[in-house]
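S.K.: Input: one structure, supplied below.
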Amino acid sequence: MSEARARIVAADKAHLWHPYTPMDRWLAETDPLVIVRARGARLFDADGKSYLDGNSSWWVAALGHNHPRIVAALHRQADAFCHVSMAGTTHEPAARLGEELCAVAPPGMERVFFSDDGSTAVEVALKMSLQLWRNAGARDKCRFVALDAAYHGDTLAATNLGGVEVFRRPFAGVMLECIHVPVPAPAPGAPNDPYARAFTTMEALIAERAHEIAAIIVEPRLQGASGMRVYDAELLRRVRAACDRHQVLMIADEVFTGYGRTGPMWSCSAAGVVPDILCTAKGFTAGVLPMAATLTTARIFDGFRGAPERAFWHGHSFCGNPLGAAVAREVLAVFREEEVLERAVPKAHRIAEAFQALADIPGVHAPPARGMVGAVDLAADAGYLGERGWRAYAEARRLGAYLRPMGDVVYIAPPLNIDDGELDELLDIVRRSILHALG
Ligand code: PMP
């Protein structure tokens, strides 16, 4: 290990606490990955070796690393000013971003509340829903409904919505009232789609308990952190109709699925569904700066007008940060002008094909791929504590890809604009790493 690299590793191991990491494992790691540079779909380590970024660095680098147009937009804004609060001031990057975002959002989304990351975007959505009903005098409408396999972020309230057992267990029952709808484990060859049963339960809940439900929250058509599980657009339409019938809000958490990850700009649009509140982050700034947005309708916005106590008393120091906003505007421009969604279509087909072929390997279960996401499960009872995915990870690293698994689930969610040769290389490494993990 070079001296510079050893110095970084020593400081890290002495002082850092890593996210989603059993720290004993990290402290025992003798060859940790130290990244010094990233370009496009590749990360470069301190020894000059490159790795294809199989998950866009936790699903954020939707346009690859250091896209030159986005870096230039960041420089331009940094020269003008880096930060000013949105309390009593405004500025072009935030105002124009709001306008441009609403123009590409599902119809009816007219207002934008900025925050910092996916979790805060969800937190804003929750507090908005609760206060909307309080402002309307419906004080009992204070519960949320989420799928049992959901993931909506890591702030305390968002954690309570989540259904990944190992994440939620230490905090269960604290603060937020969330009703979890069970999603039976996927059983290959089982006659009923487990999601169809889950959504039927959710519809019934909405009908029976609307008087106490503020909102339901869903990851539209693809549950990411629970293992890249997909469900049908029709189910989303049914739950939207139930929300309309019974006056329950629908929150679409598009933090992962938005910005073309599943194909269209928004995953709910593929179902023709317009939510009441939509959360976006990750691809929103394409991994350049942490920033998020919660979008909503004029009807919800109007529920906060009138006397000052009706206002939404919520905000973050970096709300509408000009650097983040300038970046997010450039991201939208790149999506438009480089036809990112259109060009991703054949890449998504290639991913679907390659992951379907993996299902022929004994011991591999491959749920359908969706858009720029492909996943396989290397154990029948996939869980976060599974080890098989980590064996694939180690082999992929040796072969030149960063393929961090979710326990036994090995997946890719590469930059939408990864070039075709690199995508083929990544898919080949995935296959070889899985064979190695099972061998
Ligand atoms: N919602 C969903 C659907 C997510 O996938 C994530 C992050 N994986 C979040 C919310 C939380 O986002 P963040 O990590 O940026 O707080």
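The values are calculated or read from the model by the stated rules, or taken from the named source; none is laboratory data. Keep in mind that this is a model prediction, so the values were computed, not measured. Every residue, glycine as well, gets a Cβ built from its backbone with ideal geometry; the counts of neighbours run over all protein chains shown. Areas reflect the complete protein model, heavy atoms only, side chains present, ligands, DNA and RNA absent. Shrake-Rupley method; radii C 1.70, N 1.55, O 1.52, S 1.80 Å.
S.K.: Give the separation of the Cα centroids, the stretch 27-84 to the stretch 346-391, in Å.
M.R.: Distance between centres, Cα-based: 26 Å.
S.K.: Report the longest stretch of the chain that contains none of the GluC sites (Glu not before Pro) sitting in a DSSP loop with at most 16 other Cβ atoms within 10 Å. Could you put the intermediate results ahead of the total?
M.R.: Numbers: sites that count: Glu29, Glu177, Glu338, Glu339, Glu387.
Here the longest segment lacking exposed loop sites spans 178-337.
S.K.: Next question, about the same structure. Per residue, what accessible area does the chain have, given a 1.4 Å probe and all protein chains present, in Å²?
M.R.: Value returned for the chain: 43 Å² of accessible area per residue.
S.K.: Dividing the Cα convex hull volume of the stretch 272-340 by residue count, how many Å³ per residue is that?
M.R.: 121
S.K.: Need one number for the chain: average projected area of the convex hull over its C-alpha atoms, nm².
M.R.: 21.3
S.K.: A further question on this structure: I want to verify the translational diffusion coefficient of the stretch 253-312 in µm²/s; compute it with Stokes-Einstein, Rh as the Kirkwood radius over Cα pairs, at 25 °C and 0.890 mPa s.
M.R.: It diffuses with D of about 190 µm²/s by this estimate.
S.K.: For the stretch 114-223, which trypsin sites (Lys or Arg not before Pro) pass both filters: DSSP loop (anything but H, G, I, E, B) and at most 13 other C-beta atoms within 10 Å?
M.R.: Loop-located and lightly packed - Arg139.
S.K.: Hey, another quick one. Can you tell me how the stretch 96-144 classifies by the Cα gyration tensor, rounded, prolate or oblate, using a/c under 1.5 as the rounded cut?
M.R.: Note, shape of the stretch 96-144 comes out prolate.
S.K.: Could you tally the net charge around Gly315, taking each other residue with its Cβ under 12 Å from the Cβ of Gly315, Lys/Arg +1 and Asp/Glu -1?
M.R.: Net charge in that neighbourhood comes out at -1.
S.K.: Right, here's the next one. On the accessible surface of the stretch 316-439, probed at 1.4 Å, how many percent belong to carbon and sulfur atoms?
M.R.: About 51 percent, which is the carbon plus sulfur part of the accessible surface.
S.K.: Report for the stretch 162-298 the percent antiparallel among DSSP-assigned beta bridges with both residues inside it, nearest 5.
M.R.: Just about 45 percent of them are antiparallel.
S.K.: Another question about this same structure. Using DSSP to call loops (not H, G, I, E or B), can you name the chymotrypsin sites (Phe, Trp or Tyr not before Pro) in the stretch 68-142 whose Cβ has at most 16 other Cβ atoms within 10 angstrom?
M.R.: For chymotrypsin sites (Phe, Trp or Tyr not before Pro) across the stretch 68-142 that sit outside H, G, I, E and B with at most 16 neighbouring Cβ atoms in 10 Å, the list reads Phe81.
S.K.: Scanning the chain for helices, which whole DSSP H stretches are 24 Å or more long along the axis (Cα) and average -0.5 or more by Kyte-Doolittle?
M.R.: 118-135, 340-358, 420-438
S.K.: What is the calculated FRET efficiency for Ile8 to Asp140, with r their C-beta to C-beta distance and R₀ = 51 Å, to the nearest 0.05?
M.R.: Using R0 = 51 Å, I get an efficiency of 0.45.
S.K.: Right, next: With a cap of 11 neighbouring Cβ atoms within 10 Å, and only residues DSSP puts in a loop, list the chymotrypsin sites (Phe, Trp or Tyr not before Pro) found in the stretch 299-355.
M.R.: Qualifying residues, ordered by number: Trp313.
S.K.: Something else about it: When the C-alpha atoms of the stretch 186-303 are aligned to their principal axes, what extent does each axis show, in angstrom, from largest down?
M.R.: Projected onto the principal axes, the Cα atoms of the stretch 186-303 cover 43, 42, 21 Å.
S.K.: Sticking with this one: Arrange the residues His349, His246, His67 by how much accessible surface each exposes, largest first, with a 1.4 angstrom probe.
M.R.: Most to least solvent-accessible, the answer reads His349, His246, His67.
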